Amino acid sequence: MVEREASFASASLRLEGTLAVPSGEGPFPGVLLVPGSGQVDRDENHKSLRLNVFPEIARHLAEHGIATLRYDKRGVGASEGDFWATGFYDNVSDASSALCFLQEQEDILLGRAFVCGHSEGALIATRLAAEGAGVAGIILLSGTAQPGEDVIRWQAGKVMKGMRGPIKWLIKLLRIDVIKTQQKQIDKIKRSSRDWYRTQIIAKVNAKWMREFMAYDPSEDLPRIRVPVLAVTGSKDIQVNPQDLRRMSELVREDFEWHEVPDVSHILRAEEGEPSVSTYKKQARQPVDSRVLQLISDWLTRQAAAST
């Protein structure tokens, strides 16, 4: 695999990324990798949690003759812009610009550019395909079929159930109603017109992104997709509901393949025992689950061959 720096324009900004091309003679099918929510870079790394999901996917796909493009979000890593003034639809626009850049590369086969999104990236992939972005197919990793506000509520219950240690003890001691507290925060964000604000002095909230994310309903876009779709979610995902896979299968009218991978979490690692976000750092030290990687490469290989 050969990796080189990639730079492309989105609106008035320059976004930076990495184009990974298989060894050997091209051109190759190409995949745009769209990251999840938060201040994550092209590798899906945050300063407090290094996931390194996309480098692993890029290496695996290169071994199967497939190129990839991954990029830093606005205001993250080497990309220009202000992360805290960036909304969900700004992220969609940036992904669209990245896709155009990928499609223009000589290394990429004409008509065989795909989009693979993880978490928020899966929603962005859904939106791009529904809007007719000219992709050959999309891959939804840890995606959802519910409006963002419903996802947040579902998430809160699952995360609370999986809490461990002093935090869980403190919540019980102080008799904090997590669901009620969260709803107050949701209502405050919906009333706000600011891009961002601080809560509890030190926590910073991207209110613009939250408003747009909570209002976006992928169930309206999924029936509009006219390309093949692969959806993969872990059975121990507590940030999106794995049961949404079945709902997606009912909504998508084109070729739809879905897999609920046993004992895999939202960050695409195998997890033993009761799922909990408190184990994410430990999980992240392990590689991305090989079953997930194999599902992606097998599906892409079939789709790339079918579109020849």
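The values are calculated or read from the model by the stated rules, or taken from the named source; none is laboratory data. Please read these numbers as outputs of a predicted model, since none were measured by experiment. Cβ placement follows ideal geometry from the backbone for every residue including glycine, while neighbour counts extend to all protein chains displayed.
If you go through segment 246-274 and keep only what is hydrophobic (A, V, I, L, M, F, W, C) and outside any loop (DSSP other than H, G, I, E, B), you end up with MET248, LEU251, PHE256, TRP258, VAL261, VAL264, ALA270. In the set ARG269, ARG302, only one residue is over 15 Å from GLY65 (Cβ atoms) and in the same structural domain as THR233 (by TED's automatic domain parsing); that residue is ARG269. For segment 240-254, the tally of residues that are at pLDDT below 95 and either of a type in the set (Asp, Glu) or within 17 Å of the chain's Cα centre (by Cα) (or both) stands at 1. The residues listed here are ALA67, ALA58; of these, the one that is surrounded by 16 or more Cβ atoms within 10 Å (Cβ to Cβ), touching a residue at least 24 places away in the same chain (Cβ under 8 Å) and within 16 Å of LEU109 (Cβ to Cβ) is ALA67.
Determine whether GLU44 is closer than 28 Å to VAL205 by Cα, acidic (Asp, Glu) and surrounded by 23 or more Cβ atoms within 10 Å (Cβ to Cβ). Taking the combined requirement at face value, the residue satisfies it. Checked against the criteria, GLU254 does not count as buried (at least 23 other Cβ atoms within 10 Å of the Cβ), free of Cβ contacts under 8 Å to residues at least 60 places away in the same chain and not aliphatic (A, V, I, L, M). When the test is whether a residue is basic (Lys, Arg) and part of a strand (DSSP E or B), ARG42 does not pass it.
Going through (1) under 23 Å from LEU295 (Cα atoms); (2) surrounded by fewer than 21 Cβ atoms within 10 Å (Cβ to Cβ); (3) modelled with pLDDT of 95 or more one by one, SER23 falls short only on (3). Where strands (runs of 3 or more DSSP E) fall entirely within segment 105-208, those with at least 3 residues that are at pLDDT 60 or above and crowded, with 16+ Cβ neighbours inside 10 Å are at 108-118, 138-141. None of GLN294, GLN303, GLN239, GLN283 is surrounded by fewer than 19 Cβ atoms within 10 Å (Cβ to Cβ) and either in a loop (DSSP other than H, G, I, E, B) or at negative phi (or both) except GLN294. Going residue by residue through segment 25-33, is there one that turns out to be in contact with a Phe, Trp or Tyr (Cβ under 6 Å, 6 or more places away or on another chain) and aliphatic (A, V, I, L, M)? Within segment 25-33, one or more residues are in contact with a Phe, Trp or Tyr (Cβ under 6 Å, 6 or more places away or on another chain) and aliphatic (A, V, I, L, M).
Inside segment 225-235, can you point out the residues that are out of contact with any helix residue (DSSP H, G or I) (no Cβ under 7 Å at 6 or more places or on another chain) and either without any contact (Cβ under 8 Å) to a residue 24 or more places away in the chain or surrounded by fewer than 23 Cβ atoms within 10 Å (Cβ to Cβ) (or both)? Listed by number, the residues that qualify are ARG226, SER235.
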